[in-house]
């Protein structure tokens, strides 16, 4: 069972890093499943729009909702997240070499979101790479039974982890 996670320092850097890793893994011929997040800057006066691309080739699903000016609550659209989860679960059943999940967040920490998908991938011996944040990393560690590997947020080092995590017999 291989599960690695990345916490990059800057806002949106984990999303960019996982997106780049996904493209590199596809270029290496790996069959991917999961999601990468693509944020759209909406200007200084409002937060970005958050979309996830279901790997390997879409669809792209908007997972943020507009709460209006001055709103401070969580902008995640839970129903859109569950659409992304369902699309990803369908891809896992088709078979893959690697699962990438943009974030082990609050929903996953509470037992929802991509948590079941991650568990299913690991039970099938499919390596999982996931983004995290400092708040939810302890929940990810507990969920994984302490086997989740904290990876340096460096592109080359993550590709090295992939080389060791994905069996050499992939198609």
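Could you tell me whether segment 113-157 comes out rounded, prolate or oblate from its Cα gyration tensor? Rule is a ≥ b ≥ c as square roots of the eigenvalues, rounded for a/c under 1.5, then prolate if a/b exceeds b/c, otherwise oblate. Cα axes put segment 113-157 in the oblate bin. Remark: relative contact order (the chain) = 32 percent; criterion is Cα-Cα distance under 8 angstrom and separation of 6 or more residues. Taking the Cα-to-Cβ direction at residue 24 and at residue 82 and moving 7 Å from each Cα, how far apart do the two end points lie in nm? It works out to 3.6 nm between the two label points. Each helix, a run of at least 4 DSSP H residues, gives -39500 (n - 2.57); summed and divided by the residues of the chain, these come to -11000 deg cm²/dmol at 222 nm.
The angle between the Cα long axis of helix 155-165 and the longest principal axis of the Cα atoms of the chain comes to about 40 degrees, rounded to the nearest 10.
Sorting 64, 93 by the number of Cβ atoms found within 10 Å of their own Cβ, with the fewest placed first, yields 93, 64.
Taking other Cβ atoms within 10 Å as a rough exposure proxy, 89, 53 sort from fewest to most as 89, 53. From the Cα gyration tensor of segment 73-171, with a ≥ b ≥ c the square roots of its eigenvalues, which class applies: rounded if a/c is under 1.5, or else prolate if a/b is larger than b/c, or else oblate? Here segment 73-171 falls in the oblate category. For the chain, the Kirkwood hydrodynamic radius comes to 16.2 Å, computed from all pairs of different C-alpha atoms.
Any read-out appearing in this document is the output of simple, stated calculations on the displayed coordinates, not a laboratory observation. Just so it is clear, the structure is predicted and the values come from calculations on it, not from any experiment. All Cβ positions, even for glycine, are placed from backbone atoms using ideal geometry, and neighbour counts span all protein chains on display.
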